[in-house]
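Asks: First, the structure itself, so that you have it in front of you.
The values are calculated or read from the model by the stated rules, or taken from the named source; none is laboratory data. Since the structure is predicted, the reported quantities are computational estimates derived from the model, not experimental observations. All Cβ positions, even for glycine, are placed from backbone atoms using ideal geometry, and neighbour counts span all protein chains on display. Please note that ligands, DNA and RNA were not included when accessible areas were found on the heavy atoms of the full protein model with its side chains. Shrake-Rupley method; radii C 1.70, N 1.55, O 1.52, S 1.80 Å.
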There are 4 protein chains.
Amino acid sequence: MSARKLQIGCAGLGRMGKRHALNFLERTPRADLVAASSPDPAELEWAKTHLQPFGVRLYQDYEEMLQHEGLEAVVVASATAVHAEQAIKAIEAGKHVLCEKPLSTSVDVSQSVVDAAAKKPDLKVMCGFSRRFDVSYRDAYNKMQSGTIGTPAVLRSQTCDKLDPSGFFVAYAQFSGGIFVDCSIHDIDLTLWFFGPSSKIKSVSAVGITAVEPDLRKHNDRDNAVGVVEFHDGRIAYFYASRMMAAGQEDTTEIIGTRGKLAVNTQPALNHLHIYDDSGVRREIPQHYYDRFEYAFVTEANEFTAAVLDYKPLPLDLTAAVQAVRIGAALQESLITGKKILFDENGNRTEVARL
Amino acid sequence: MSARKLQIGCAGLGRMGKRHALNFLERTPRADLVAASSPDPAELEWAKTHLQPFGVRLYQDYEEMLQHEGLEAVVVASATAVHAEQAIKAIEAGKHVLCEKPLSTSVDVSQSVVDAAAKKPDLKVMCGFSRRFDVSYRDAYNKMQSGTIGTPAVLRSQTCDKLDPSGFFVAYAQFSGGIFVDCSIHDIDLTLWFFGPSSKIKSVSAVGITAVEPDLRKHNDRDNAVGVVEFHDGRIAYFYASRMMAAGQEDTTEIIGTRGKLAVNTQPALNHLHIYDDSGVRREIPQHYYDRFEYAFVTEANEFTAAVLDYKPLPLDLTAAVQAVRIGAALQESLITGKKILFDENGNRTEVARL
Amino acid sequence: MSARKLQIGCAGLGRMGKRHALNFLERTPRADLVAASSPDPAELEWAKTHLQPFGVRLYQDYEEMLQHEGLEAVVVASATAVHAEQAIKAIEAGKHVLCEKPLSTSVDVSQSVVDAAAKKPDLKVMCGFSRRFDVSYRDAYNKMQSGTIGTPAVLRSQTCDKLDPSGFFVAYAQFSGGIFVDCSIHDIDLTLWFFGPSSKIKSVSAVGITAVEPDLRKHNDRDNAVGVVEFHDGRIAYFYASRMMAAGQEDTTEIIGTRGKLAVNTQPALNHLHIYDDSGVRREIPQHYYDRFEYAFVTEANEFTAAVLDYKPLPLDLTAAVQAVRIGAALQESLITGKKILFDENGNRTEVARL
Amino acid sequence: MSARKLQIGCAGLGRMGKRHALNFLERTPRADLVAASSPDPAELEWAKTHLQPFGVRLYQDYEEMLQHEGLEAVVVASATAVHAEQAIKAIEAGKHVLCEKPLSTSVDVSQSVVDAAAKKPDLKVMCGFSRRFDVSYRDAYNKMQSGTIGTPAVLRSQTCDKLDPSGFFVAYAQFSGGIFVDCSIHDIDLTLWFFGPSSKIKSVSAVGITAVEPDLRKHNDRDNAVGVVEFHDGRIAYFYASRMMAAGQEDTTEIIGTRGKLAVNTQPALNHLHIYDDSGVRREIPQHYYDRFEYAFVTEANEFTAAVLDYKPLPLDLTAAVQAVRIGAALQESLITGKKILFDENGNRTEVARL
């Protein structure tokens, strides 16, 4: 281990940007957060209190930040709509990039990031699928690899947000790419991880409803959706995404193999406390995604940093991030059209089931 | 409560028949098991030891048993292939009937039982969907009815059998109607119960694989299958059925509403024991369907008996049993063809999604 | 198995008596409840509706019931104060006896039942420690016997009742023998069972408080108490008894061995339902002792019946029931005096730690 | 928040010292680890790789480190035997002190640290009872404070280490002060925290065995022990400590109040993964104390730092640390003598129960 520290900047200081910035500032010992950018005055105001006193230079303009002297890497944590553009600019400026998921809600735009990265093979470019850094998922993956469940054949996974009656999700749906691209993208990425790159997608189909937010239909979105993915090698993954959980965030995955099953978070819990009262025995659960995966984000920051400093491979491959968007977008399309979408073994769409 | 006891006979003494016979003999205080029939010499041999000494008259011929003096009711627990025929004969002979699920693997044959029962409105004719008598499901249903979860919108349910490497499931598939008719029929029935009769089916689609028993394909069956059902009132149910569970029987249901969720058996357990050893903390789970639902069968026998003796409504409606077969058969068809099947609000099939 | 049925009568028709009577009437196939007695007119009134129509002869006088023609056995389920007297009269009348716990709150009186039984070695006389018939405890016992946890060394057990603000427990304390004799007697019996007859008691000590029912002090009782028992072979058991549980009945036992631990009911649950709402994830738990152990009582009735009919050994030994009272009474004494009580290896009290 | 960072040194680089040093180096954003000391060449060798490259000055001599220019605070993480001496020296040198528990195995020596601190009221001196910084315990405490369980009356707590057949615990017992001072000190501290300073100790009594390590008796220690503490205000705490857990670290606490119960870690789990295989459903648990409380130590470091930098009260009071040693030592004495020890309301020992 060298004492040299990675000089990193953070693009975007919204909800996720603040977290990434603080994680690189405070919880990534081998990195120095040296710069941060946001076009939003309120975000910059926050940064004046929370980042600037610790030596972080603030920029209103992203491209200007890229010129920051000594800057080696960028964490792109801005709005999804500019993820790809900012990532590509950073790559072209010779910076390593950790980009929040998804690269884009468009497959083609996502691919353009991969193409840009391919031209700079010395740069580390990673899409931040946080769940891959969670200790429980890693434990599951390692046990699967060591043969605990035989051959994995079926994967069930859900990403379900707490009900937010404020209307937030309707506004958010305008840019999110839809529930499969925004939420299920995690489950899709997990599937690609657990089933491995040799599993080729064969079909996707989806259904959905608006049980609490009918206005989501304006943006071709739903508040509850079920998607099913077949693979050519005889495996199945099925997903549930929801914006309607009363108790909190419920992200659950089961990997079912020929000799066993690995279940992540089928018994959600905020911490180790149980409360006994006249209503029974109760525990609380995480309220939001970050509550559940806070330490996964910290690990992500640290491992990205180590990969750069130590010239080691990144823990996840960028091309999988495009494949995840491809599947998510196809599920979203199926959700709206009601049609099953088929793929050949080369990943090309073939026929579509017509009504 | 009257001291009069229901005089009942049991048709079929195979795996399920033995259980029903003993339940009516020993655990249904208001019923007297007076007769039992089976064409199988081995089954009759068993009955000579276990039933005859307690006053049960044995018959090789089912129709002869129907002539048993004083017989008031029949529990049909024979092979699925003769459920309907035996049920109809009993109805025509003026006997109350408790028929094991499914009425038939055919929708039309199932309907013929309903038609026969309709002609004898004084008779109690019930299809034994055991899970409706389970205390946990009833607790869930009552809490849903009392508003605990708001409006139920999504139902996830699975019926998953323990892996049986003996080849049993291949032989069984020849007559079972397929995994959706045999296993998921329970989940479908639960959906009809929890969503209620006003929920009209809109579409079904399914996928499946043979991860451990490729020979199931000979009988147009699979060992793992996922099915999705849409309803016209904007609800979704999705099912998973499997013959591949390593730990034992895993029958799980979640009913997700606009203000909460009810989860049955997401933490399966054989009993109240946890074992701590150097592999961690462990509990065992039921190995077979009957292990999990033993007392539900006892309750079923007692409630059927009480409905007859006390002239009260049956706890579940016979027409739902036909609807369950209709949905199960459609899912099985979709599983094999890969096509989505659509229904109009009157329950008629409309277009089929073609590849 | 013979078709002959045990002719049994039930003494006492209070809370427990009603349950035993109905269990022998309805859920013990090899027994016929032929008689029942109670000096209480209200109890007899209940019996006229629930027992008499099914052929049960009712008696106001217990001794008269003992004369009932053909009576072979008696279940003594009356008030604790008359357990021993009624059991002895039944034994002297040549009847098999299943006696509710405890035989008596007095060690000497308890011993007199053993002495009476010893004179009639052909009779089956059993004290009904229901927990020994519970499937979870039996599973634990069998796993311990098969070596799962190595040598058992420490046992923690609690019997904790739901808070009852009605004052019931104060009235009840007058005759219960105290919280260690009434509640912990179960935990003591479990200890004797799991540690086995070679474990000789070395000391007992106890402390207690009245957190919710100060009036219990009038009867030398407490509402929360902790007791510790040492054994001469280097084992420890420690007990907690309470009348103050908000959520319901909490009866928990851990057996800790040199290679593992068996934990019964450390995650109490009424059934398999979990409720998710904005307070978190919740399950209900049994409210009363019988809710938790209902089926253990049924098994107890059936196994007692089988032991009599089949001339087989009883599943538990009567002398252990006296030993349990001895330990319970000593704990209760220590609770009140604050003194530790010592025993030599022959079970005789030696010195008492004085303050 | 100011950008000024606390200049801290770490005394001792053994098992716990390494962790504290790294926590202050890497996970305490407002502190700079500037110095570390150890008399042990192997520990210094480790520090040359892990601390020195990041600007930490290493010292063989503790007193020399105290002269380190700009040093403001010391974390004392050396052997228990020198905790107090080093803490006092640091106080006298005008340094803030975070001292690992216990201050000493001797009550008097522990008190001498309090006395030294009392002379320097501007210094922050804290004993690191890590469990007070754990999110689950804090959640429990806050819920208790907000009235969730009414008045707390009974506390059960255990600190149980994984079985270590290497003989480590025997060697360790020579200096640990015994199982109640080493392990149960945490449970005692929790009791003082949850019951509050107005709860005055009335009696302690304890029993113990050597189930796996008879050689512990040489050092007046045991491998399994149960202790009971009465308080003058009518509360009870009871503790279990063990060195014999097969599955891993099992630290569990229940606070039972007049209207509810708070249970911390009654369902231990390493992470959110459950493994289903033919042995049932299994989860792993933390293997060692630090696995369970890693983040509590990080919070401890950060809150100590914040208290110093922001001139705020420490989260826990130093005098409680002496009281915890007093109770632990009394329990250990009772464990060995078999005698109950009594205290008056002023905390003075009165009579001792004699055998």
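Asks: Under 15 Å from the Cβ of residue B:30, count the other residues' Cβ atoms, weight Lys and Arg +1, Asp and Glu -1, and hand me the total.
Replies: -1
Asks: Same structure, new question: To two decimal places, what compactness ratio does the stretch B:37-195 give when its Cα radius of gyration is scaled by 2.2 N^0.38 Å?
Replies: 1.22
Asks: Explain nothing, just compute: Karplus ³J(HN,Hα) = 6.51 cos²θ - 1.76 cosθ + 1.60, θ = phi - 60°, for every residue of the stretch B:102-111 in order, whole Hz, x for Gly and Pro.
Replies: Listing the rounded values in order: x, 4, 6, 7, 9, 5, 5, 5, 4, 4 Hz.
Asks: On to the next question. When the dipole is taken about the Cα centre of the protein assembly as shown, and only Lys, Arg (+1) and Asp, Glu (-1) are charged at their Cβ, what size is it in debye, to the nearest 20?
Replies: Computed charge dipole of the protein assembly as shown: roughly 0 debye.
Asks: Residue by residue, what Karplus-based ³J(HN,Hα) values in Hz, rounded to whole numbers, does the stretch B:165-179 have, using 6.51, -1.76 and 1.60 with θ = phi - 60° and x for Gly and Pro?
Replies: The phi angles translate into x, 6, x, 3, 5, 5, 4, 5, 5, 4, 10, 6, x, x, 4 Hz.
Asks: List the residues, sorted by chain then number, that are 5 or more residues from residue C:97 or on another chain and whose placed amide H is less than 5 Å from its amide H.
Replies: Result for residue C:97 returns C:74, C:124, C:125, C:126.
Asks: Ignoring ligands, DNA and RNA, what percent of the 1.4 Å accessible area of the stretch D:6-128 is carbon and sulfur?
Replies: About 48 percent, which is the carbon plus sulfur part of the accessible surface.
Asks: Say we join alpha carbon atoms closer than 10 Å with springs in a Gaussian network model of chain D; which of D:181, D:229, D:82 then has the biggest fluctuation?
Replies: Residue with maximal mean-square fluctuation among D:181, D:229, D:82: D:82.
Asks: Any idea what angle helix A:135-145 forms with the longest principal axis of chain A, computed on alpha-carbon atoms, 0 to 90 degrees, nearest 10?
Replies: Relative to chain A, helix A:135-145 is tipped by roughly 60 degrees.
Asks: Take every DSSP beta bridge with both residues inside the protein assembly as shown and express the antiparallel ones as a percent of the total, to the nearest 5.
Replies: On the way: 165 of 281 bridges.
Taking every DSSP beta bridge with both residues in the protein assembly as shown, the antiparallel ones total about 60 percent.
Asks: Suppose R0 equals 22 Å; then what is the FRET efficiency for residue D:93 and residue D:54 from their Cβ-Cβ distance, rounded to the nearest 0.05?
Replies: 0.35
Asks: Could you list which residues have their amide H under 5 Å from that of residue D:260, counting only those 5 or more apart in sequence or on another chain, with H placed in the peptide plane?
Replies: Distant-sequence amide H within range of residue D:260: C:246.
Asks: Take the alpha carbon gyration tensor of the protein assembly as shown, find the square roots of its eigenvalues, order them as a ≥ b ≥ c, and report rounded if a/c is under 1.5; if not, report prolate when a/b exceeds b/c, else oblate.
Replies: The shape class here is oblate.
Asks: Rg(Cα) of chain B divided by 2.2 N^0.38 Å?
Replies: Values: Rg = 20.5 Å, N = 355, 2.2 N^0.38 = 20.5 Å.
Normalised by 2.2 N^0.38 Å, the Cα Rg of chain B equals 1.00.
Asks: Would you mind checking B:162/B:312; D:124/D:200; A:5/A:120 for any pair whose Cα atoms are more than 28 angstrom apart?
Replies: Going by Cα-Cα distance, B:162/B:312 fall outside the 28 Å limit.
Asks: Taking Cα pairs under 8 Å and at least six residues apart, what relative contact order does the stretch B:6-128 come out at, in percent?
Replies: The value is 24 percent.
Asks: Top to bottom by accessible area (1.4 Å), largest first, where do B:259, C:131, C:235 land?
Replies: So the residues, ranked largest to smallest area, are B:259, C:235, C:131.
Asks: Quick one: buried accessible area between C and D, total over both chains, 1.4 angstrom probe, nearest 100 Å²?
Replies: 3300
Asks: Roughly how many Å is it from the Cα centre of the stretch C:302-355 to that of the stretch A:50-128, as a whole number?
Replies: Here the two parts' Cα centres lie 75 Å apart.
Asks: Given a 1.4 angstrom probe, I'd like the percentage of the accessible area of the stretch C:247-355 that is carbon and sulfur, rounded to a whole number. Could you put the intermediate results ahead of the total?
Replies: Numbers: 1800 of 3780 Å².
It is 48 percent, rounded to a whole number.
Asks: Something else: Relative contact order for chain B: what percent, with Cα pairs under 8 Å and sequence separation of 6 or more? Write out the running numbers ahead of the final one.
Replies: Working: 731 pairs, mean separation 68.4, N = 355.
RCO, chain B: 19 percent.
Asks: When the Kirkwood radius is taken over all Cα pairs of the stretch C:209-355, what Stokes-Einstein diffusion coefficient follows at 25 °C and 0.890 mPa s, in µm²/s?
Replies: 128
Asks: Using a simple charge model, +1 on the beta-carbon of Lys and Arg, -1 on the beta-carbon of Asp and Glu, nothing else, what dipole does the stretch D:6-128 show about its Cα centre, in debye to the nearest 20?
Replies: It comes to approximately 440 debye.
Asks: A further question on this structure: From zero outward in steps of 10 Å, how is the percent of C-alpha pairs of the stretch B:6-128 spread across the bins?
Replies: 15, 50, 30, 5, 0
Asks: Give me the one-decimal nm value for the distance between modelled label points at residue B:82 and residue A:15, 7 Å along each residue's Cα-to-Cβ direction.
Replies: Once both label points are built, they end up 6.3 nm from each other.
Asks: Also, I was wondering about something else. Spelling out what I want: for every residue of the stretch D:180-195, take phi, set θ = phi - 60°, compute 6.51 cos²θ - 1.76 cosθ + 1.60 (Karplus), and round to whole Hz; glycine and proline get x.
Replies: Values, residue by residue: 6, 7, 8, 8, 5, 3, 5, 5, 5, 4, 4, 4, 4, 5, 6, 7 Hz.
Asks: OK, next. What are the label-to-label distances in nm, one decimal and shortest first, from residue C:317 to the same spot in the other copies, with labels 7 Å along Cα to Cβ?
Replies: Copy-to-copy label distances at residue C:317, shortest first: 5.4, 6.1, 6.8 nm.
Asks: Gaussian network model of chain B, Cα springs within a sub-10 Å range: biggest mean-square fluctuation belongs to which of B:175, B:24, B:133?
Replies: B:175
Asks: Angle between the Cα long axis of helix A:318-337 and the longest principal axis of chain A, 0 to 90 degrees, nearest 10?
Replies: The angle comes out at about 50 degrees.
Asks: Given a cut-off of under 8 Å on Cα pairs at least six residues apart, what relative contact order in percent is computed for the stretch D:186-257?
Replies: Numbers: 87 pairs, mean separation 19.5, N = 72.
RCO, the stretch D:186-257: 27 percent.
Asks: Relative to the first principal axis of the alpha-carbon coordinates of chain B, what is the inclination of helix B:15-26, with its axis defined by its Cα atoms, in degrees from 0 to 90 and to the nearest 10?
Replies: The angle comes out near 50 degrees.
Asks: Skipping prolines and chain starts, which residues have an amide H placed within reach, meaning under 5 Å, of the one on residue A:201, given they are 5 or more residues away or on another chain?
Replies: A:232
Asks: Mind checking the per residue accessible area of chain B for me, 1.4 Å probe, whole number of Å²?
Replies: Values: 12550 Å² over 355 residues.
Computed with neighbouring chains in place, this is 35 Å² per residue.
Asks: Which residues of the stretch D:193-207 bury at least 10 Å² of accessible area once all protein chains are present, versus their chain alone (1.4 Å probe)?
Replies: By number: D:205, D:207.
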